[in-house]
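So the structure is just underneath, and the comments pick up after that.
The values are calculated or read from the model by the stated rules, or taken from the named source; none is laboratory data. All figures in this text were calculated on a predicted structure; none of them were measured in a lab. Neighbour counts run over all protein chains shown; Cβ positions are idealised from the backbone, glycine included.
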Amino acid sequence: MINPEAIGGGFELEYREMGFSSGVLDFTDNSTSNPLLMGTSKDKELYTGFGVSRSVDLFVRVPEESSSLIGLKVQLLGNPNKEAAEGHNLAFTLGMGSERDTFNQIFSIDLKSDVTDYSVIHGYRFSPILMVYEGISVSNYHFQGSVQGTTGLNSNEIDYSAKNILGGHAGVVLGSSSFKIKLEVAVQKIEWTNTQSKLFQHFGVALSAGW
């Protein structure tokens, strides 16, 4: 849910609620390499952006159900959000994150997850309070870990990857740099290790304030 305009200096805080694809470990037949049980769920996310220059933002994304990301947004075309000029905007983002987690599903599991994400976003601002945008993204996820204790499983090691996840999104931004609302629809094609490729659709809404 990132639009193509940099902040233009200053600070932005955004609260998001959106859909996302989920994969649950399945230990049928005492195997740690079964296909993941795929589905969709809702997630909450806090996005914090810092305008380090007129056209570059440093951002941190902290989702409730996935790995946090730190990254950069670089605006290549158009004016930043604080100037809100009519016309085309273009930006690219890159982000990465790594996280450790321990949880109890059927067994006690210690997992480490890594993610990288790249996107290109285009937008058109019709007025100081209205912009539409669309973009594409490529992501890579990897999680690995171990099952603790004596379990009777065929292995105590877990290792799954999803490479070159393709995503597309389109949205609308209403409001000023001080306060705005964002609505977005997105699609994502994802294929995990030992799991069939799936296509998911999502909807999201975000509220943001800037200083």
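Note down all Cβ pairs under 7 Å where the first residue falls in region 107-120 and is within 27 Å of Ile136 (Cα to Cα), the second is aliphatic (A, V, I, L, M) and assigned to a strand (DSSP E or B), and they're at least six residues apart or on different chains.
Val115/Leu69; Val115/Met96; Thr116/Met96; Asp117/Leu69; Tyr118/Leu94; Tyr118/Val138; Ser119/Ile136; Val120/Ile136
May I ask you to say which residue of Val52, Val56 is touching a residue at least 12 places away in the same chain (Cβ under 8 Å), farther than 30 Å from Asn156 by Cα and either in contact with a Pro (Cβ under 7 Å, 6 or more places away or on another chain) or among the aliphatic types (A, V, I, L, M) (or both)?
Working: Val52 fails: touching a residue at least 12 places away in the same chain (Cβ under 8 Å).
Exactly one residue qualifies, and that residue is Val56.
If a residue has to be surrounded by 14 or more Cβ atoms within 10 Å (Cβ to Cβ) and more than 20 Å from Ser119 (Cβ to Cβ) to count, how many in region 162-175 make the cut?
Adding up the residues that qualify gives 1.
Report those strands (runs of 3 or more DSSP E) wholly inside region 141-211 carrying at least 2 residues which are of a type in the set (Gly, Ala, Ser).
Because the criterion is at least 2 residues that are of a type in the set (Gly, Ala, Ser), the strands (runs of 3 or more DSSP E) in region 141-211 that meet it are 157-175, 198-210.
Would you mention how many residues in region 121-140 are part of a strand (DSSP E or B), exposed (fewer than 15 other Cβ atoms within 10 Å of the Cβ) and of a type in the set (Val, Ile, Thr)?
3
With the structure loaded, tell me whether Thr93 is outside any loop (DSSP other than H, G, I, E, B), modelled with pLDDT under 95 and in contact with a strand residue (DSSP E or B) (Cβ under 7 Å, 6 or more places away or on another chain) or whether it fails that test. Break it down into steps so the answer makes sense when it comes.
Details: outside any loop (DSSP other than H, G, I, E, B): yes; modelled with pLDDT under 95: no; in contact with a strand residue (DSSP E or B) (Cβ under 7 Å, 6 or more places away or on another chain): yes.
Taking the combined requirement at face value, the residue does not satisfy it.
Checking Asp159 against (1) acidic (Asp, Glu); (2) buried (at least 16 other Cβ atoms within 10 Å of the Cβ); (3) over 30 Å from Glu12 (Cα atoms): exactly one of these is not met. Which one?
(2)
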